[in-house]
Amino acid sequence: MSYEVLLYYKFHPIDNPERFCKEHKRFLQDLDVKGRVYLGSEGLNGTIAGTPGQMQKYREYVWSLDGFNDTEFKTEESDVIPFPRLTCKVREEIVSIHVDGLNPSEGGRHLSPSEWRKTMESEEDYVMIDVRNDYESEVGHFEGAITPQVENFYEFPQWLDEADIPKDKKVLMYCTGGIRCEKFSVLMKQQGWNNVNQLHGGILNYAKEEDGKHFKGKCFVFDDRLVVPVNRGDLQPIARCEITGKPADSFINCANMECNKLFVCSEEGAEKFKGCCSEECLNSEYRRPFDPDNAFRPFRKWYNYFDEDFKEREF
């Protein structure tokens with residue numbers, strides 16, 4: 001059976017997030033789908049999976065909600081449902097940058113995938129910023145993009161303070177689905193950059209509309225798939241296995257439970273260090289048994305990126 005994965009967000013005021021969440025969760029449970037939906041006073045953000053029929057019912061439900069009738073959904077096909085369970089919770093921010101007063105309606109100009117590609121192919125004087133975490137850009141990014149070495153989105157304001165980007169430059173920015181750019185573009189404009197542009201719909205929309213042209217590697221996603229193809233004409237890995245140094249684009253969690261580092265690893269590297277990231281971890285008394293058949297299945301705790309109990313990570 002073929003399933004669909006939906007990625008979506010919508011900034012729109014929700015007067016009573018707790019009640020909204022309770023009703024939303026009940027609908028999702030009755031629909032019997034899995035994924036993660038997070039909402040707050042500023043809006044809705046989520047990614048869920050199910051059959052095409054279930055996903056269409058969910059779209060129609062969201063569109064029926066006051067203020068959410070124009071919510072855009074990025075859709076991907078999947079052979080499996082890449083989520084272990086359903087989570088629907090209230091969060092203070094639906095994407096956390098930890099800066100007050102950022103109104104997404106005041107953000108940068110949205111470039112359609114075709115406009116984005118035309119800009120890359122016809123212009124030279126711009127700065128392109130990958131507004132994702134370092135482990136995401138490690139396995140895939142646009143040609144010529146700056147890839148900040150940050151582990152969390154809320155570190156971007158400090159990175160911007162130190163990046164020394166000329167304020168007269170044209171700025172292009174992108175992320176997986178677009179939501180992080182909605183806030184980061186506002187921050188840049190508030191701090192003096194005037195020509196700020198963001199890729200509408202993010203990498204996933206660009207992959208669908210422009211076949212991923214000029215994107216190198218694959219796109220990291222926060223579910224059991226971990227990476228998905230973008231430019232099907234160029235699927236060569238751009239990252240390297242941390243153990244062997246050979247090209248690779250698969251992630252694994254270090255088998256040492258005290259470490260649990262997420263790192264790029266090949267099958268050869270995983271076998272060599274029994275799923276660990278180093279010899280030190282290989283010799284740890286807290287090492288999980290190595291199972292080569294399941295070594296590349298994600299240890300779910302690391303990517304519960306919305307849950308502040310587990311060091312929040314967001315798309």
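Nothing in this text is a laboratory measurement; each read-out follows from the coordinates by a stated rule. Please read all numbers here as calculations on a predicted model, not as lab measurements. When we count neighbours, we look across all protein chains shown, and the Cβ atoms used for this are built from the backbone with ideal geometry, even at glycine.
General observations
- With Rh defined as the Kirkwood radius, the inverse of the mean 1/r over Cα pairs, the Rg/Rh of segment 3-94 is 0.93.
- Helical runs assigned H by DSSP (4 residues or longer) give the chain a calculated mean residue ellipticity at 222 nm of -7500 deg cm²/dmol, each run adding -39500 (n - 2.57) before division by the residue total.
- Measuring against 22 Å, Cα to Cα, the residue pairs Lys34/Lys216; Lys218/Lys261; Lys118/Lys170; Lys89/Lys218; Lys169/Lys213 contain Lys34/Lys216; Lys89/Lys218; Lys169/Lys213 as the ones spanning a longer distance.
- Along the chain, longest interval not containing exposed trypsin sites (Lys or Arg not before Pro), exposed being DSSP loop plus at most 12 other Cβ atoms within 10 Å: 1-84
- Rounded to whole Å, sorted largest first: equivalent-ellipsoid semi-axes of segment 140-250, Cα gyration tensor: 26, 17, 13
- Rounded to the nearest 20, the Cβ-based charge dipole of segment 104-229 about its Cα centre (Lys and Arg +1, Asp and Glu -1) stands at 340 debye.
- Whole-Å distance, taken between Cα centres, linking segment 163-196 and segment 245-296: 36 Å
- Applying D = kT/(6 pi eta Rh) to the chain, where Rh is the Kirkwood radius over alpha-carbon pairs, T corresponds to 4 °C and eta to 1.567 mPa s, the Stokes-Einstein value obtained is 63 µm²/s.
- The GNM of the chain, with springs linking C-alpha atoms under 10 angstrom apart, assigns the highest mean-square fluctuation among Glu258, Glu92, Glu136 to Glu258.
- Placing a label point 7 Å from the Cα of Met1 along the Cα-to-Cβ direction, the residues of segment 34-68 whose backbone N falls under 19 Å from that point are 34-36, 48-59.
- In this structure, the amide hydrogen of Lys34, modeled 1.01 Å from its nitrogen in the peptide plane, lies closer than 5 angstrom to those of Ala49, counting only residues at least 5 positions away or on a different chain.
- Computed over segment 251-299, the percent of Cα pairs more than 15 Å apart is 27.
- Rounded to whole Hz, the Karplus (6.51, -1.76, 1.60) HN-Hα couplings of segment 99-104, x for glycine and proline: 10, 6, x, 9, 9, x
- Built amide H within the under 5 Å cut-off of Arg91, gap 5+: Leu39, Gly40
- Positive dipole terminus of segment 104-229, leading residue within Gly140, Leu199, Pro157 (C-beta point charges): Leu199
- Only Lys, Arg (+1) and Asp, Glu (-1) charged, at Cβ; the chain dipole about Cα centre in debye: 560 debye
- Once C-alpha pairs closer than 8 Å and six or more residues apart are averaged by separation and normalised to the residue number of the chain, the relative contact order reads 14 percent.
- Once the Cβ-Cβ distance of Lys167 and Asn103 is raised to the sixth power relative to R0 = 22 Å, the FRET efficiency obtained is 0.60.
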